[in-house]
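Please read the structure below before turning to the comments.
The values are calculated or read from the model by the stated rules, or taken from the named source; none is laboratory data. Please read all numbers here as calculations on a predicted model, not as lab measurements. Here the Cβ is made from the backbone with ideal geometry for all residues, glycine too, and neighbour counts use every protein chain on show.
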Amino acid sequence: MPTYKLTYFNVRGRGELIRLLFAAGGIPYEDVRIEWDKWPELKSKTPMGQVPTLEVDGQLMICQSMAIARFVAREAGLLGKTSVDQARADMLLDGGMDLGKLFTEMVMEKDASKKAEKKKEFGEKSLPPFLALYEGFAGGNGYFVGDSLTWADIAFFNMMDFITAEYPSALDGYCNLNKVVDNVKTNPGVAKWLKERPVTDH
Amino acid sequence: MAPKYRLVYFNVRGRAELTRLLFAAADLEYQDQRFEFGSDQWKELKPNTPMGQAPLLYVDDVALCQSMTIARYVARTTGLAGRTPIEEATADMIVDGLDDMQRKLVAMFNEKGDEKKAELQKEFVGSFLPQFLGNYEKLAGAEGFFVGDSLTWADIAFFNLMGWVTPMDPAVLGGFPNLSKVMDNVQSQRGIARWLKERPQTKM
């Protein structure tokens, strides 16, 4: 089996989906977390001056969080069974990322009154239609694609983990989406990781 | 039996052109359906689409949306996504990295104020591009491929995006031999060369 080394900051951020996928797939990896002051010297050693990066067998280095996540999802057998299933998973993930971008913009807003405005707007205008749409995409069995866990479910869970920190009751009333979250949380690898993972603000 | 493919988008290159280039490269037949902006056809179709957005790819009667999902699906189907999981991840990395440049291009096109637009363009051409292309020059091999030693959708995605950059700065790839080779490899590929000659000429 190849050796995997994930390098990122000591936050969940853009690394957590990858960590969840390694956990769900039962794939061992080195979870390297660097301090901010170590970053400048490492930056120039990465393909695009960014983390997370994934090193495979101590040589090849891949960057771009979604490229890494997709690679790990494939290794973990969580990509989707057919090419159309895989495309469906991709599509739902992409749609989730559109929402994620708006959420991140809101969270990163430095001006307090602008942030309050963005928070209200996100909570009232962006989040509800998204959740209503995705409730329809999720099956009654709590899977977005086919009848088994894929990375689409795990990505949704991870994103909602961030969103419910700001909007605790966001998922109230969404039967299918709550089933998705349950299915992810009770996956043995994920359950273990959720108990053991470092607790970080972001 | 092979599925029927129907690509639905507006009559522009925009977010569908990468997919059109991939179909062309593979000589894979598809219906290239185009709406005019604000057309009744789109208004009627929109609520019946997965996310109310275009482009869409219908694979028989399964509807897929999200431009990069569609492009990746066609790349995988046509063998242009990379030959191993590591190659696929490398191609994904290159394609995802282009997003930075794409976002800046979109911001410039959407900017209505002339002065602000000129300012964004100056920053883009003068400081963003040299650094971005300098980095991508290192990621492309001397043979002109981003992944392994043959054409993948990473090369085609780069070529496609540069189509919006070169009008701003025709000599932009001057100091970048590897990237110039990538462009050559893509535009001389038989299916792509034919498409470039035949495709509708649109501003965007």
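Looking at (1) within 14 Å of chain A (Cβ to nearest Cβ); (2) assigned to a helix (DSSP H, G or I); (3) of a type outside the set (D, E, K, R), can you tell me which one B:Val147 breaks?
So B:Val147 meets the others, but not (2).
Which number in (1) part of a helix (DSSP H, G or I); (2) within 18 Å of B:Asp92 (Cβ to Cβ); (3) out of contact with any helix residue (DSSP H, G or I) (no Cβ under 7 Å at 6 or more places or on another chain); (4) not assigned by the TED database to the domain that holds A:Met159 marks the one condition that A:Leu42 misses?
With (1) part of a helix (DSSP H, G or I); (2) within 18 Å of B:Asp92 (Cβ to Cβ); (3) out of contact with any helix residue (DSSP H, G or I) (no Cβ under 7 Å at 6 or more places or on another chain); (4) not assigned by the TED database to the domain that holds A:Met159 applied to A:Leu42, the lone miss is (2).
How many residues are part of a loop (DSSP other than H, G, I, E, B) and either among the small types (Gly, Ala, Ser) or within 12 Å of chain B (Cβ to nearest Cβ) (or both) if we restrict to the range A:13-29?
5
Those residues that are more than 10 Å from chain B (Cβ to nearest Cβ), touching a helix residue (DSSP H, G or I) at 6+ places or on another chain (Cβ under 6 Å) and not small (Gly, Ala, Ser), I need them from the range A:81-100; list them, please.
The answer is A:Leu99, and nothing else.
Would you please name the residue that is nearest to B:Phe23 (Cα to Cα), looking only at residues in the range B:50-63 that are within 9 Å of chain A (Cβ to nearest Cβ), out of contact with any Pro (no Cβ under 7 Å at 6 or more places or on another chain) and among the aliphatic types (A, V, I, L, M)?
In this case the residue turns out to be B:Leu57.
Take the range A:124-159 and flag every residue that is without any contact (Cβ under 8 Å) to a residue 60 or more places away in the chain, within 14 Å of chain B (Cβ to nearest Cβ) and in contact with a helix residue (DSSP H, G or I) (Cβ under 7 Å, 6 or more places away or on another chain).
A:Ser126, A:Phe130, A:Leu131, A:Tyr134, A:Glu135, A:Phe137, A:Ala138, A:Phe144
Looking only at residues in the range B:1-52 that are among the hydrophobic types (A, V, I, L, M, F, W, C), in contact with a Phe, Trp or Tyr (Cβ under 9 Å, 6 or more places away or on another chain) and over 30 Å from A:Pro129 (Cβ atoms), which one is surrounded by the fewest Cβ atoms within 10 Å (Cβ to Cβ)?
If we take residues in the range B:1-52 being among the hydrophobic types (A, V, I, L, M, F, W, C), in contact with a Phe, Trp or Tyr (Cβ under 9 Å, 6 or more places away or on another chain) and over 30 Å from A:Pro129 (Cβ atoms), then B:Leu28 is surrounded by the fewest Cβ atoms within 10 Å (Cβ to Cβ).
Quick check on the range A:59-73: of everything there that is touching a Phe, Trp or Tyr at 6+ places or on another chain (Cβ under 9 Å) and surrounded by fewer than 24 Cβ atoms within 10 Å (Cβ to Cβ), which residue is farthest from B:Ala91 (Cα to Cα)?
Of everything passing the filter in the range A:59-73, A:Ser65 is farthest from B:Ala91 (Cα to Cα).
A quick yes/no check of all residues on (1) in contact with a strand residue (DSSP E or B) (Cβ under 6 Å, 6 or more places away or on another chain); (2) touching a residue at least 24 places away in the same chain (Cβ under 8 Å):
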position	(1), (2)
A:Asn10	yes, yes
A:Gly15	yes, yes
A:Pro28	no, yes
A:Trp39	no, yes
A:Gln50	yes, no
A:Leu54	yes, yes
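If you go through the range A:167-188 one residue at a time, do you hit one that is in a loop (DSSP other than H, G, I, E, B) and under 20 Å from A:Gly15 (Cβ atoms)?
The answer is yes; a qualifying residue exists.
Can you name the number of the only condition in (1) touching a Lys or Arg at 6+ places or on another chain (Cβ under 8 Å); (2) part of a helix (DSSP H, G or I); (3) β-branched (Val, Ile, Thr) that A:Val32 fails?
Only one criterion is unmet by A:Val32, namely (2).
Residue by residue, here is whether (1) loosely packed, with under 15 Cβ neighbours inside 10 Å; (2) assigned to a loop (DSSP other than H, G, I, E, B) holds:
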position: B:Val106; (1), (2): yes, no
position: B:Lys116; (1), (2): yes, no
position: B:Lys122; (1), (2): yes, no
position: B:Gly126; (1), (2): yes, no
position: B:Leu151; (1), (2): no, yes
position: B:Ile156; (1), (2): no, no
position: B:Phe159; (1), (2): no, no
position: B:Gly175; (1), (2): yes, yes
position: B:Leu179; (1), (2): no, no
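Given the condition basic (Lys, Arg) and within 7 Å of chain B (Cβ to nearest Cβ), answer yes or no: does some residue in the range A:73-80 qualify?
Looking through the range A:73-80, at least one residue is basic (Lys, Arg) and within 7 Å of chain B (Cβ to nearest Cβ).
Within the range A:77-123, how many residues turn out to be touching a residue at least 60 places away in the same chain (Cβ under 8 Å) and either among the polar types (S, T, N, Q) or in a loop (DSSP other than H, G, I, E, B) (or both)?
Counting residues in the range A:77-123 that are touching a residue at least 60 places away in the same chain (Cβ under 8 Å) and either among the polar types (S, T, N, Q) or in a loop (DSSP other than H, G, I, E, B) (or both) gives 4.
Go through (1) in a loop (DSSP other than H, G, I, E, B); (2) among the β-branched types (Val, Ile, Thr); (3) at the interface with chain A (Cβ under 8 Å from one of its Cβ atoms) one by one and return the number of the condition B:Val12 breaks.
Exception for B:Val12: condition (3).
Within the range A:154-164, is even one residue surrounded by fewer than 16 Cβ atoms within 10 Å (Cβ to Cβ), on the phi < 0 side of the Ramachandran plot and more than 16 Å from the chain's Cα centre (by Cα)?
No.
Just one of (1) within 16 Å of A:Asp85 (Cα to Cα); (2) surrounded by fewer than 23 Cβ atoms within 10 Å (Cβ to Cβ); (3) facing chain A (nearest Cβ under 7 Å); (4) free of Cβ contacts under 8 Å to residues at least 40 places away in the same chain trips up B:Gln66, so point out which.
(2)
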